[in-house]
Amino acid sequence: MSVLSTNQNQMSNYIQILVRQFKTLEDGVSSNSFKAYTLLAYIMATDPNPVFIHELVKINGTGSMRTSKLVKALAEDGLVQVTPSPTDSRKREVTLTNKGRALAKDLGGSA
């Protein structure tokens, strides 16, 4: 099985778990929250490799500004960290924090 299909399977698993958790919330979930956690599922599935913001734009299906705001919200929650790419200062890398890895592990992943 290729790395890409393994990551897609893992991402799918994370999304299914997160959606089940959303259904248990009394107030429901805003579309922004769902999009943010879709991005988080992708980041979890690719861990420990960093993800570039432009990759998340493609996953999210929205513009770079909105995606950046969603990533910022995840960073403010302590789940991800955003750093400049060491190879290209124009790019920003997104990685899980220890808190994000702990959440992935709690969700049944290997992060």
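The values are calculated or read from the model by the stated rules, or taken from the named source; none is laboratory data. No experiment lies behind these values; they were computed from the predicted model shown. Using ideal geometry, Cβ is built from the backbone for each residue, glycine included, and neighbour counts are taken over all protein chains shown.
Rundown of residues vs (1) hydrophobic (A, V, I, L, M, F, W, C); (2) assigned to a helix (DSSP H, G or I), yes/no style:
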site	(1), (2)
66	no, yes
69	no, yes
74	yes, yes
82	yes, no
95	no, no
103	yes, yes
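Output the residue which, of all residues in the stretch 31-41 that are out of contact with any Leu (no Cβ under 7 Å at 6 or more places or on another chain) and touching a residue at least 12 places away in the same chain (Cβ under 8 Å), is surrounded by the fewest Cβ atoms within 10 Å (Cβ to Cβ). Walk me through how you get there before you give the answer.
Within the stretch 31-41, the subset out of contact with any Leu (no Cβ under 7 Å at 6 or more places or on another chain) is 31, 33-34, 38.
Imposing the further condition that a residue be touching a residue at least 12 places away in the same chain (Cβ under 8 Å) reduces the set to 34, 38.
On the way: 34: 15, 38: 20.
Out of the qualifying residues, it is 34.
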Residue count, the stretch 20-71 (criterion: modelled with pLDDT of 85 or more and over 22 Å from residue 108 (Cα atoms)): 16
